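The values are calculated or read from the model by the stated rules, or taken from the named source; none is laboratory data. Treat the numbers as computed from the prediction; the structure is a model and nothing was measured. Heads up, the Cβs are rebuilt from the backbone with ideal geometry, glycines too, and the neighbour counts pull from every protein chain shown.
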Amino acid sequence: MTKIAPSILAADISRLKEEVEDVAKGGADYIHVDVMDGHFVPNITIGPFVVEAVHPHTSLPLDVHLMIEEPDRYIEEFVKAGADIVSVHVEACRHLHRTIELIHEQGAKAGVVINPATPVESIKHVLQNVDLILLMTVNPGFGGQTFISEVLPKIEQVKKMLMESNHQAEIEVDGGVNEETAAACIEAGADVLVAGSAVFKKDNRKNAIESIRNNYK
Ligand code: DX5
Ligand code: ZN
């Protein structure tokens, strides 16, 4: 069954504990945390202390998406704060393989992320080392943007690359995922769908999660 990872970027931050509990009750599989530094992306959001604040209030894995330059400097802090999965952008890492090793050494699962304009070939040589591949379907920086459907063939390409290398890793899709765009992502091979606005901006989060997930099967 497709996993759903609501992004707290779209939650009511003043009630973060209740918001996280609400989506957990509604059937969420991960809690997606969008970390932005104002350099790699044109927006500043949250740091390790928010991860630390959320951590005691959920048993769901915290899926931390780092949209920051030089992520190596903060990996230890995020894992100590409670991150279960730490994903870094190919475009932000000078020594990607080393960064992935660092995440594993800290005891978290490692994910690698590519922007819509970045080819899947850029992750070919680290594919065997990661637990998750995150394909951006918007240009990172903000919630509520429009899904870029040109990314869909990349999901199929990654799926094929994983099968050829006989390696198990989850394929996650992030940006503009809602009950209309979810089906194409699942059909192309996505295992995890991040959804910010399509979950947190709805009154009934359980219905929202179900209608994204059950859109296809
Ligand atoms: C974009 C973030 C996404 C975003 C998703 O930079 O990485 O996770 O919060 O929000 P929606 O689902 O509203 O596009
Ligand atoms: Zn994200």
Residue count for the stretch 118-158, restricted to those that are under 17 Å from the mean Cα position of the chain (by Cα) and charged (D, E, K, R): 2
First in the stretch 24-36 and closer than 14 Å to ALA10 by Cβ and of a type in the set (D, E, K, R), second anywhere and at pLDDT 95 or above and part of a strand (DSSP E or B), Cβ under 8 Å, 6 or more apart: ASP34/SER7; ASP34/HIS65; ASP34/MET67
The stretch 160-200, residues that are loosely packed, with under 15 Cβ neighbours inside 10 Å and either in contact with a strand residue (DSSP E or B) (Cβ under 6 Å, 6 or more places away or on another chain) or outside any helix (DSSP H, G or I) (or both): ASN166, HIS167, GLN168, GLU180
Looking only at the stretch 166-197, and only at residues there that are polar (S, T, N, Q) and under 21 Å from SER87 (Cα atoms), the one that is nearest to ligand 2 (Cβ to nearest atom): SER197
Odd one out for VAL20, checked against (1) touching a Leu at 6+ places or on another chain (Cβ under 7 Å); (2) crowded, with 22+ Cβ neighbours inside 10 Å: (1)
Residue count, the stretch 1-24 (criterion: in contact with a Lys or Arg (Cβ under 7 Å, 6 or more places away or on another chain) and either of a type in the set (D, E, K, R) or in a helix (DSSP H, G or I) (or both)): 3
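Being touching a residue at least 40 places away in the same chain (Cβ under 8 Å) and out of contact with any Pro (no Cβ under 6 Å at 6 or more places or on another chain) is the requirement here; does ILE114 meet it?
yes
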